[in-house]
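K.L.:
First the structure, which I've put down as structure tokens, then a few questions once you've had a look.
The values are calculated or read from the model by the stated rules, or taken from the named source; none is laboratory data. Fair warning: this is a prediction, and the values are worked out from it, not measured in the lab. Glycine also receives a Cβ, built like all others from the backbone with ideal geometry; neighbour counts cover every protein chain displayed.
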């Protein structure tokens, strides 16, 4: 009797299992579809769609560009907290190659890798801040993309910190206060040259 009962339960259990749950009629990611005019199953977002995670954010926040090209300023106010976060993230992700001061003499040079660019080169000092965000997002030359590793907010913080690093090493002497000049051992006449 027990064997019959087990057989009935087993038969009912197996009757419920089938490949129909595994092979469902659905489109896979990026699969072609004859149903839509553009031939793809992936549908564009409806205009006005708002992100659940970040709310209504301007597209330039994610792209680093607008209709005029690369952004010359971050898409939010740069505060001390943003710069501190940028420094923390820079020290983690960027300093092994670019060094803590941005001169490109990071640890990888000692391991035999090719020296990356110094952020203090004139061509990089002339770049807008959106350039650094864009390079972190898409990669450039030997540097691969960090978009999957660093969220957009932190990429902007790092780009802002890189700009602060550049300024720290290349600030004009006339921008220094008298106290800063004396700390550096400069006289007022030397700074005005």
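K.L.:
I need the full set of residues from the range 125-140 which are farther than 20 Å from residue 63 by Cβ and in contact (Cβ under 8 Å) with a residue 12 or more places away in the chain, in order please. Walk me through it before giving the result.
P.N.:
If we filter the range 125-140 for residues that are farther than 20 Å from residue 63 by Cβ, which is where we start, we get 125-126.
Correct list: 125 only.
K.L.:
Could you tell me which numbered condition residue 57 fails, if it satisfies all but one of (1) at pLDDT below 85; (2) surrounded by 12 or more Cβ atoms within 10 Å (Cβ to Cβ); (3) assigned to a helix (DSSP H, G or I)?
P.N.:
(3) is the only condition that residue 57 fails.
K.L.:
Sort out which residues of the range 91-122 are surrounded by 13 or more Cβ atoms within 10 Å (Cβ to Cβ), assigned to a helix (DSSP H, G or I) and either at positive phi or out of contact with any strand residue (DSSP E or B) (no Cβ under 8 Å at 6 or more places or on another chain) (or both), and write them in order of number.
P.N.:
Of everything in the range 91-122, those that are surrounded by 13 or more Cβ atoms within 10 Å (Cβ to Cβ), assigned to a helix (DSSP H, G or I) and either at positive phi or out of contact with any strand residue (DSSP E or B) (no Cβ under 8 Å at 6 or more places or on another chain) (or both) turn out to be 91, 92, 93, 95, 96, 98, 108, 109.
K.L.:
Which residue out of 27, 62 is surrounded by 10 or more Cβ atoms within 10 Å (Cβ to Cβ), assigned to a loop (DSSP other than H, G, I, E, B) and modelled with pLDDT under 90? Don't jump to the end; show me each part of the working.
P.N.:
Numbers: 62 fails: assigned to a loop (DSSP other than H, G, I, E, B).
One residue alone meets the criteria, 27.
K.L.:
May I pose another question? Of the conditions (1) assigned to a helix (DSSP H, G or I); (2) in contact with a strand residue (DSSP E or B) (Cβ under 9 Å, 6 or more places away or on another chain); (3) more than 18 Å from residue 149 (Cβ to Cβ), residue 136 satisfies every one except a single condition; which number is it?
P.N.:
With (1) assigned to a helix (DSSP H, G or I); (2) in contact with a strand residue (DSSP E or B) (Cβ under 9 Å, 6 or more places away or on another chain); (3) more than 18 Å from residue 149 (Cβ to Cβ) applied to residue 136, the lone miss is (3).
K.L.:
Any chance the range 144-151 includes a residue that's under 18 Å from residue 101 (Cα atoms) and either surrounded by fewer than 13 Cβ atoms within 10 Å (Cβ to Cβ) or in contact with a helix residue (DSSP H, G or I) (Cβ under 8 Å, 6 or more places away or on another chain) (or both)?
P.N.:
No, that holds for no residue.
K.L.:
Next up: Going through 114, 179 one at a time, which residue ends up being touching a helix residue (DSSP H, G or I) at 6+ places or on another chain (Cβ under 9 Å) and over 20 Å from residue 74 (Cα atoms)?
P.N.:
114
K.L.:
Related question: Run down 61, 100 and say which single residue is in contact (Cβ under 8 Å) with a residue 24 or more places away in the chain and either within 25 Å of residue 171 (Cα to Cα) or under 14 Å from the mean Cα position of the chain (by Cα) (or both).
P.N.:
Values: 100 fails: in contact (Cβ under 8 Å) with a residue 24 or more places away in the chain.
Sole residue among the options that is in contact (Cβ under 8 Å) with a residue 24 or more places away in the chain and either within 25 Å of residue 171 (Cα to Cα) or under 14 Å from the mean Cα position of the chain (by Cα) (or both): 61.
K.L.:
While we're on this one: Being assigned to a helix (DSSP H, G or I) and surrounded by fewer than 13 Cβ atoms within 10 Å (Cβ to Cβ): is that true of residue 160 here?
P.N.:
Here the answer is no, as residue 160 does not meet what is asked.
K.L.:
Taking the condition under 23 Å from residue 145 (Cβ atoms) and either touching a helix residue (DSSP H, G or I) at 6+ places or on another chain (Cβ under 7 Å) or at pLDDT 80 or above (or both), does residue 34 pass?
P.N.:
no
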